[in-house]
Amino acid sequence: MRAGWIKLVFLTTLVTLILLWISNTSVKADRVAQIPTVGIPTVTGTPLGATVVVRAGQDQINVRSGPGTDYPRVGVLIPGQRVSAYGRTPGGDWVQIAYPGVSGGVAWVYSYLVEISGNLAIVEPPPTPTPLTTPTIDPTLAAQFIVEIQPTRLPTYTPPSSLIIQTFPAPDSNMGTGGIPMGFMIIGLGVIGLFGTLISLLRGR
């Protein structure tokens, strides 16, 4: 009786082991059948459509919420980084790119800092951000820098008095000393000289 019980336990254990082996073999066969025989496509980070890549030779470029320095900076791109591009401004100075993590998932970069691949459509830029505070001028402080220049009267022009020039009568060229005409004096002197010369000649004989 005991020998028959032992034989039954042995057979049961053997059958159980055979069933476990068959089940394990079937599972392995299913796993082998599920292995693909062709290349599995892998997900890459290369964007589709038009792209921009940051030019080399610079540390990084700013990414802004709109096309212009008036818009706040929302991030940066490093040299060699490539992202998808959606459009450009009418002048082509700024490019709209895909930038996850910001409102709308788009941002803007300066076009001269990137290389553009593909055609970009012209997109309408967002409105210029309104400053949080409106700058005001303190009138008390401004008054310290305002210099009031008192007006001065221009000098009045007083014309000078008329210049009086004294005139003298021209001397009479025909009158000599004592009222004798100068011509008579010259003739008289000539006669006297001639007379003296004649006397000298006569004495010399």
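Please treat every number below as a calculation from the coordinates, not as lab data. Everything numeric in this text was worked out from a predicted model, so none of it was measured. Cβ placement follows ideal geometry from the backbone for every residue including glycine, while neighbour counts extend to all protein chains displayed.
Each Cα pair under 8 Å and six or more residues apart adds its separation to the average, and for segment 43-108 the resulting relative contact order is 31 percent.
FRET efficiency for the pair F195 and L163, taken as 1/(1 + (r/R0)^6) with r the Cβ-Cβ distance and R0 = 45 Å, rounds to 0.20.
If you sort the three axes of the alpha carbon gyration tensor as a ≥ b ≥ c, you get a/c under 1.5 for segment 51-122, which makes it rounded.
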